[in-house]
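Below is one structure, written out as C-alpha cells; the observations come after it.
The values are calculated or read from the model by the stated rules, or taken from the named source; none is laboratory data. Quick caveat, the model's predicted, so the values are computed rather than measured. Please note: Cβ atoms are built from the backbone with ideal geometry, for glycine as well, and neighbour counts cover all protein chains shown. Ligands, DNA and RNA are excluded from the accessible area calculation, which covers all protein heavy atoms including side chains. Shrake-Rupley method; radii C 1.70, N 1.55, O 1.52, S 1.80 Å.
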Amino acid sequence: MTEQDFIPSGYEATATSGSFTWRAPSNIALVKYWGKRGEQLPANPSVSFTLDACATTTTLRYKKREYPDDDFGFELYLDGAVKDSFKPKINDFFHRIGKYMPFLKHYHFTIETSNSFPHSSGIASSASGMSALALCLMSLEQEISGNITEEDFFRKASFIARLGSGSACRSIRGELVVWGSHPEIAGSTDLYGVAYPGKVHPVFRTYQDTILLVDRGEKQVSSTAGHGLMHGHPFAERRFAQASENLSALQQVLETGDTEAFIAIVEREALTLHAMMMTGKPYFILMSPATLDVIRKIWSFRKETGVPVCFTLDAGANVHVLYPESEKEAVMEFINNELVAYYEKGHYICDRIGGGAVALP
Ligand code: PMV
C-alpha cells in the first residue's frame with residue numbers, strides 16, 4: 001500500500017450531526033522508535049505491548065457546516081474544561097490528515113477528551129490521545145463512506161493516528177504491534193502499525209507493566225525535539241540498524257518464551273534510547289537519580305530471587321516494570337517494600353498487556 005491508497009475517491013452519504021466515542025490505550029515499546037523522516041515515517045522499526053489501564057477516552061461531536069470553510073472548526077475540552085493550549089497541535093494534525101479525510105472542513109467538531117492517568121503524571125498521552133481521535137474520525141468517515149471493511153477501518157485509523165504522533169499508530173489494536181518495515185516481519189510497513197504476526201509464547205500474553213511515577217515534572221524535551229536529535233547524530237545509522245537487529249532477535253525470544261533473552265533486549269533498548277539523548281547535540285539526561293536507583297534495585301532483586309522482572313523507559317524518568325503475571329505477588333511486594341521511597345507520593349500505575357481500542361456507546 002502507499003499513501004495514495006488512503007485518499008478516498010468520494011463519499012456516498014451525508015451525516016448531519018452526531019457523536020462517536022472511543023477508548024484507546026497507551027503502549028510501551030520493547031524496541032524503540034526514535035528518529036523520523038518525511039511525514040512522520042519511522043527511521044527504524046519498533047514493536048510494543050499495547051497497554052490496558054492507561055488510556056484516553058475521546059468523544060467527537062460533529063455537526064455539518066452549512067458551507068465548508070477554509071479553516072478547520074473545532075473546540076477542545078480536557079476533563080470537561082476548555083483546553084485551548086491543545087488547539088495548535090490538533091490544527092496541525094487536521095492539516096496533515098486533510099487530504100486523507102477531505103470531509104473535515106465540512107464539519108464543526110467538539111472534541112471531549114479525558115485520560116485514565118493523571119495529566120501531570122509524566123505519562124505521555126499523545127499515543128492514546130491521537131489514537132482515540134483518529135478512531136472517532138474514522139467512525140465518521142465510515143458513516144459517510146458506505147462500506148469500509150473492519151481491516152481497512154483499523155488500518156486507516158493507525159495510518160491517521162501515526163500522522164498525529166508516530167507511536168500512536170501502535171495504540172489501535174492489541175496485543176503486540178509492529179510499526180516500521182522489517183524484512184522478516186510479513187506485512188510490516190512504515191505507514192501504519194500491524195499486529196505482530198509471529199508466534200507469541202503464552203508467558204508474554206500475561207505481561208504486567210507497573211509504571212513507577214518517579215518524576216511527575218513537565219517533559220524536558222518534547223518528542224519532536226527528541227526525534228530531531230537523531231538528524232546528524234553521530235550514532236544514528238548504527239542505532240537504526242541495531243533496532244532492526246533487535247527486532248530480528250526478539251522474534252525467537254517471543255516464540256520460545258525466553259524471558260532472560262527478552263530482558264537483555266528490552267533493557268538495552270531502553271538504555272540505548274537514553275544514550276542517544278545523552279550523546280545528542282544538544283544533549284539531555286532524562287533519567288532522574290530515582291530512575292537509576294530503581295534500575296539498580298531491580299537488578300539486585302532479579303539476581304537474588306531469579307524473578308524475571310525488568311525495566312523499560314520512555315523518553316522520561318518514569319520506570320516501566322515488566323514481568324509475567326505469575327510473578328505479580330513477588331514483584332508487587334518488592335515494589336511496595338523496596339521501591340516505595342523512589343516513586344512520588346506513593347504513586348504507581350498497575351497496567352498490563354491489553355487488547356486494543358474499543359468503541360463506547
Ligand atoms: O510518538 P512519539 O513521537 O511521541 O515518540 C515516542 C517515542 C518513544 O516513546 C520514546 C519510543 C516508542 O517507540 O514509543
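Does residue 86 satisfy the criteria of being free of Cβ contacts under 8 Å to residues at least 12 places away in the same chain and touching a strand residue (DSSP E or B) at 6+ places or on another chain (Cβ under 7 Å)? Break it down stepwise before answering.
Numbers: free of Cβ contacts under 8 Å to residues at least 12 places away in the same chain: yes; touching a strand residue (DSSP E or B) at 6+ places or on another chain (Cβ under 7 Å): yes.
Yes; evaluated as a whole, the condition is true for this residue.
Among the listed residues 214, 253, which satisfies the condition of being open to solvent by less than 30 Å² (accessible area, probe 1.4 Å) and over 29 Å from residue 183 (Cα atoms)? Outline the logic, then answer.
On the way: 253 fails: over 29 Å from residue 183 (Cα atoms).
Only one candidate qualifies: 214.
Which ones in segment 108-160 are touching a residue at least 12 places away in the same chain (Cβ under 8 Å) and of a type in the set (Val, Ile, Thr)?
110, 111, 113, 123, 144, 160 - these are the residues of segment 108-160 that are touching a residue at least 12 places away in the same chain (Cβ under 8 Å) and of a type in the set (Val, Ile, Thr).
Of all residues in segment 296-324 being assigned to a loop (DSSP other than H, G, I, E, B) and either within 16 Å of the ligand (Cβ to nearest atom) or crowded, with 22+ Cβ neighbours inside 10 Å (or both), which is nearest to the chain's Cα centre (by Cα)?
As a first pass, look at segment 296-324 and keep what is assigned to a loop (DSSP other than H, G, I, E, B): 306-309, 314-318, 324.
When the remaining residues are screened for being either within 16 Å of the ligand (Cβ to nearest atom) or crowded, with 22+ Cβ neighbours inside 10 Å (or both), the result is 309, 314-318.
Values: 309: 22, 314: 10, 315: 12, 316: 14, 317: 17, 318: 15 Å.
Applying the filter and picking the extreme gives 314.
Give segment 24-36 a look and list any residue that's in a strand (DSSP E or B) and either over 15 Å from residue 271 (Cα atoms) or open to solvent by 10 Å² or more (accessible area, probe 1.4 Å) (or both), or say none. Show your work before the answer.
Going through segment 24-36, the residues in a strand (DSSP E or B) turn out to be 24-31, 36.
Those that are in a strand (DSSP E or B) and either over 15 Å from residue 271 (Cα atoms) or open to solvent by 10 Å² or more (accessible area, probe 1.4 Å) (or both): 24, 25, 26, 27, 36.
Can you find a residue in segment 332-352 that is touching a helix residue (DSSP H, G or I) at 6+ places or on another chain (Cβ under 7 Å), part of a helix (DSSP H, G or I) and either more than 16 Å from the ligand (Cβ to nearest atom) or polar (S, T, N, Q) (or both)?
yes
When both residues are 6+ apart or on different chains and their Cβ atoms are under 7 Å apart, which pairs have a first residue that lies in segment 18-37 and is without any contact (Cβ under 8 Å) to a residue 24 or more places away in the chain, and a second that is more than 9 Å from the ligand (Cβ to nearest atom)?
That search, which allows pairs on different chains as well, returns 37/43.
In segment 177-221, what residues are small (Gly, Ala, Ser) and touching a strand residue (DSSP E or B) at 6+ places or on another chain (Cβ under 9 Å)?
As a first pass, look at segment 177-221 and keep what is small (Gly, Ala, Ser): 180-181, 186-188, 193, 195, 198, 217.
180, 181, 186, 187, 188, 193, 195, 198, listed by residue number.
Let me spell it out: the conditions are (1) part of a helix (DSSP H, G or I); (2) closer than 21 Å to residue 36 by Cα; (3) without any contact (Cβ under 8 Å) to a residue 40 or more places away in the chain, and residue 247 meets all of them except one. Which number is the exception?
(3)
Let me spell it out: the conditions are (1) aliphatic (A, V, I, L, M); (2) open to solvent by 10 Å² or more (accessible area, probe 1.4 Å); (3) modelled with pLDDT of 95 or more; (4) over 18 Å from residue 181 (Cβ atoms), and residue 241 meets all of them except one. Which number is the exception?
(4)
Can you give me the number of residues within segment 2-49 that are among the hydrophobic types (A, V, I, L, M, F, W, C) and either out of contact with any helix residue (DSSP H, G or I) (no Cβ under 8 Å at 6 or more places or on another chain) or within 26 Å of residue 236 (Cβ to Cβ) (or both)? So that I can check it myself, show each step before the final result.
Going through segment 2-49, the residues among the hydrophobic types (A, V, I, L, M, F, W, C) turn out to be 6-7, 13, 15, 20, 22, 24, 28-31, 34, 41, 43, 47, 49.
Filter once more, keeping what is either out of contact with any helix residue (DSSP H, G or I) (no Cβ under 8 Å at 6 or more places or on another chain) or within 26 Å of residue 236 (Cβ to Cβ) (or both): 7, 28-31, 34, 41, 43, 47, 49.
Number satisfying all stated conditions: 10.
Taking residue 222, is it free of Cβ contacts under 8 Å to residues at least 40 places away in the same chain and touching a helix residue (DSSP H, G or I) at 6+ places or on another chain (Cβ under 7 Å)?
Values: free of Cβ contacts under 8 Å to residues at least 40 places away in the same chain: yes; touching a helix residue (DSSP H, G or I) at 6+ places or on another chain (Cβ under 7 Å): no.
No.
Please work out which residue is surrounded by the fewest Cβ atoms within 10 Å (Cβ to Cβ), limiting yourself to segment 162-187 and to residues that are part of a loop (DSSP other than H, G, I, E, B) and within 13 Å of the ligand (Cβ to nearest atom).
165
Output the number of the condition that residue 285 fails; it satisfies all remaining conditions of (1) surrounded by fewer than 18 Cβ atoms within 10 Å (Cβ to Cβ); (2) within 29 Å of residue 193 (Cα to Cα); (3) within 16 Å of the ligand (Cβ to nearest atom).
(2)
Considering only segment 69-97, state which residues are over 19 Å from residue 131 (Cβ atoms), at pLDDT 95 or above and touching a helix residue (DSSP H, G or I) at 6+ places or on another chain (Cβ under 9 Å).
Scanning segment 69-97 gives 72, 73, 75.
Tell me, which strands (runs of 3 or more DSSP E) lie completely within segment 37-147 with 2 or more residues that are within 16 Å of the ligand (Cβ to nearest atom), open to solvent by less than 40 Å² (accessible area, probe 1.4 Å) and in contact with a Ser or Thr (Cβ under 9 Å, 6 or more places away or on another chain)? Walk me through how you get there before you give the answer.
On the way: elements: 46-64, 73-78, 107-115.
Qualifying strands (runs of 3 or more DSSP E): 46-64.
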